[in-house]
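I have placed the structure first, in the form of structure tokens, so that the comments after it can refer back to it.
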Amino acid sequence: MVPLSHYLILSAVIFTIGVFGVLIRRNLIVILMSVELMLNAVNLTFIAFSRFLGSTAGQTMVFFVMAVAAAEAVIGLAIIISVYRHRQSLDPQAMQLLKW
Amino acid sequence: MIVDIAIITAKAVLVLLVVLNLAGLLGWIERKGSALIQDRIGANRASIFGFAGMGLVNTLIADPIKFLTKEDFIPPAGDKFLHTLAPCMALFPALVTFAVIPFGDVLVLGERVINLQVANINIGILYIFAFASLGVYGIVIGAWASNNKFSLLGGVRGSAQMISYEVAMGLSVIGVLMTYGTLELQEITRGQGVLIADLLPESWSAVRLAIGWLPAWGIFLQPLAFLLFFVAAVAETKRIPFDLPEGESELVAGYHVEYSGGKFLMFFAAEFAEIVTASGLITVLFFGGWQVPYLQRDGFHFPWGGAWLLPHLAVVPLQVGAFSLKVLFFCWVQIVVRWTFPRFRYDQVMRLGWKMLLPAALVNVLITALVIFYIQGAS
Amino acid sequence: MSGSEILFFFLAGLLVLSALLVVFLRNVVHCAMALVGALFLIAILFFTLHAPMVGALQILVYAGAIMVLFLFVIMLLTPAALEARRGLWWSFGGIMALLLAAALAAVTANDNPAPDPVAATELFGSPESLAQSLFTEFVLPFEIASVLLLVAMVGAVVLGKKER
């Protein structure tokens, strides 16, 4: 049986990789994808705990996290599309200043 | 333990081989069948020592050899890795979804009871929807990797159509799930073995007399859901009348215009395997799956009182044969539909999926809920 | 090394590789496909953790719908140029990530033995148990989540419209 700590360490590693992606990438879409990676790492933690404590609340929580992540990805992408139409670029460096 | 793994492996290999072979045979049925419908002869040129076998030699021997020995062409400006990945992503869901479709009841060998279904997981039909939703990637990636405007147009249209009809497909099945009370396909099939009279309350004697002698198949209990599901399944597999993504007369060949040889064979096989899977699903959900009317595990029990007992080893082939016949029938129906109807325009496809199928499916769920509530209140 | 441990390490290795590919590949479409792979592997991990319903939902919703949306937007918008690499940003990001990793390691590596997994009943992780939890204990968040999805749909349509 795989102990709980293995799942937690795996989630922590994925979360860290996601954070690294948000910090270093200069493409808005890849930043959003790294955020999705972080959310999935958290989902993995929830499911692992749900299994080891025998409670269904963890799985319900993941259900809601998925719904919220779907909504957030949709709105994030819509914002990216409208920003791209304005600035013609997906580089966060090009959107630092509130001018056009 | 080892015997369990061996049995599951044997079932998986059997199902895989049957689906692949049926996909190949369907190619031949399509070519010859379309020729019959269109009053022409069809493929009959390739022959071995003068034996052309009604086009069998052409379609089943010459065509695969041609496909597999053609040059593997990747567009020079396209994405090499994704171009090769796309047909795999199209074929994988088409083959894998057959794992939860039950092709028989149980096979009792000595003390071992083998459930004639590759994997009996408790989420049942959700597994099929999950992998069907992965089928979109084959199109999207194939279209993108071809670096070709026609491909991209066909791919974007195709993926939009697929995700729209996934919604309609899922919602139309909810009525069936409510009627049989479970997500597992084997349980739904077993639930179709009872008579409708057993599902109705005692006080509805007139209704019981009129329709109670029918087996409780999905087509009798959920006719609207069958219609919606059939249309959505045909749209999902991108067959005519919904084949605008690969519109042969409009988009050259849509998203697989830059594919030739083995990769095109994979797309082709994926499409026919999806036909088999769609037929399998329709059979299981609406036409009793492996159920022969009035055949229980020990023989026939007719509603008017007679019984004809059969040994177990006679019942199992009857049930597996019934399943196969029904699946073949629905494959044939899909082929005939292909060569009968003209193709929908893209805006008509979208309008049908969102403005007609979706509300109809929701209305079906509502009516089913009311009927179930009423019946449970009366009994 | 029992079978489940081998499976776990195999899946974990592939998952970490996919996550690294998401972050380090330059072609955005390749990043998206790596993320699809990562989501699929996480769904398989869910299946091994006796959560088949959530695993199926992960494939259906996350890998099957959200990532298709990402791919649509990428195909709609990608400029041809690949982004430049900046050494300063990489070291800053790397230091922050390492700090985070150290903090997480400090939290997870404690001496408390992990609880043994509670014996899984037939019903654990099945649609019935998830539905029971969702419609009795968590019915209010469920309704709020559906309103949230409606708001997201309307917002996406409004934001995505071309101004005339």
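The values are calculated or read from the model by the stated rules, or taken from the named source; none is laboratory data. The model shown is predicted, which means the values in this text are computed figures rather than measured ones. For neighbour counting, all protein chains shown are included, and Cβ atoms are generated from backbone atoms with ideal geometry for every residue, glycine included.
Going by what's in this entry, would B:Pro215 be described as more than 30 Å from B:Pro87 (Cβ to Cβ) and either touching a helix residue (DSSP H, G or I) at 6+ places or on another chain (Cβ under 8 Å) or of a type outside the set (Ser, Thr, Tyr) (or both)?
Here the answer is yes, as B:Pro215 does meet what is asked.
When the residues of the stretch C:115-164 are filtered to those that are outside any helix (DSSP H, G or I) and surrounded by 15 or more Cβ atoms within 10 Å (Cβ to Cβ), which remaining residue is modelled with the lowest pLDDT?
C:Pro117
One line per residue, one yes/no per condition, for (1) free of Cβ contacts under 8 Å to residues at least 60 places away in the same chain; (2) assigned to a helix (DSSP H, G or I):
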| residue | (1), (2) |
| --- | --- |
| B:Lys32 | yes, yes |
| B:Ala35 | yes, yes |
| B:Ala43 | yes, no |
| B:Val57 | yes, yes |
| B:Ala62 | yes, yes |
| B:Leu68 | no, yes |
| B:Phe73 | no, no |
| B:Gly78 | no, no |
| B:Leu82 | no, yes |
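Can you list the helices (runs of 4 or more DSSP H) found entirely within the stretch B:174-290 that contain at least 3 residues being modelled with pLDDT under 90 and in contact with a Gly (Cβ under 9 Å, 6 or more places away or on another chain)?
B:262-286
Filter the stretch B:296-334 for residues that are within 25 Å of the chain's Cα centre (by Cα) and surrounded by fewer than 13 Cβ atoms within 10 Å (Cβ to Cβ) and give the result.
Hits for the stretch B:296-334 are B:Pro317, B:Leu325.
Out of all the residues in the stretch B:48-85, which are more than 14 Å from chain C (Cβ to nearest Cβ) and of a type in the set (Asp, Glu)?
B:Asp63, B:Glu71, B:Asp72
Tally up the residues in the stretch A:53-69 that are in contact with a Phe, Trp or Tyr (Cβ under 9 Å, 6 or more places away or on another chain), at negative phi and surrounded by fewer than 19 Cβ atoms within 10 Å (Cβ to Cβ), please.
Number satisfying all stated conditions: 4.
Given the condition within 9 Å of another protein chain (Cβ to nearest Cβ) and at negative phi, answer yes or no: does some residue in the stretch B:100-122 qualify?
yes
Filter the stretch A:54-100 down to residues that are facing chain C (nearest Cβ under 7 Å), of a type in the set (A, V, I, L, M, F, W, C) and over 25 Å from C:Glu143 (Cβ atoms), then give me how many there are.
Residues meeting the conditions: 5.
Would you check if C:Leu69 is surrounded by fewer than 23 Cβ atoms within 10 Å (Cβ to Cβ) and within 21 Å of B:Val100 (Cβ to Cβ)?
Criteria not met by C:Leu69.
Report whether or not C:Phe46 is at the interface with another protein chain (Cβ under 7 Å from one of its Cβ atoms), over 14 Å from the mean Cα position of the chain (by Cα) and buried (at least 19 other Cβ atoms within 10 Å of the Cβ).
Taking the combined requirement at face value, the residue does not satisfy it.
Which residue pairs have Cβ atoms closer than 7 Å, lie 6 or more positions apart in sequence or on different chains, and pair a first residue in the stretch B:110-123 that is over 20 Å from B:Arg297 (Cα atoms) and modelled with pLDDT of 85 or more with a second residue that is in a loop (DSSP other than H, G, I, E, B) and of a type in the set (Gly, Ala, Ser)?
B:Asn122/C:Ser126
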